[in-house]
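> Take this structure first; my questions come after.
Read-outs: derived from the displayed coordinates by stated rules, not from any lab. Computed from a prediction, not measured in an experiment: that's the story for all the values here. Methodologically, a virtual Cβ is constructed for each residue, glycine included, from the backbone with ideal geometry; neighbour enumeration extends over all protein chains shown.
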Amino acid sequence: MTQLAQKQNTATSPLGRVDLADFLGADRRTLTRELKRMQKVNLIQFSKSTYTLENANIM
């Protein structure tokens, strides 16, 4: 992640959802469900392969 991305708490993944799930050793449906859960409680926002931490100070 670049310094600019770190300052903005944003990262873009070169991996698609299936590849990201494989990399993490998770099922794609489980990964998607957890991402949506984290979005619902305002931890992250995401669109396609761009992820933004909403409350980076609590991490």
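> What distance in nm separates the two pseudo spin-label positions at Val41 and Phe23, each 7 Å out from Cα along the beta-carbon direction?
2.4
> Here is a follow-up. Restricting attention to region 14-49, which trypsin sites (Lys or Arg not before Pro) occupy a DSSP loop and are surrounded by at most 16 other Cβ atoms within 10 Å?
Lys48
> How many nm is it between the label spots at Ser13 and Arg33, if each spot is 7 Å from the Cα in line with the beta carbon?
Output for this residue pair reads 1.7 nm.
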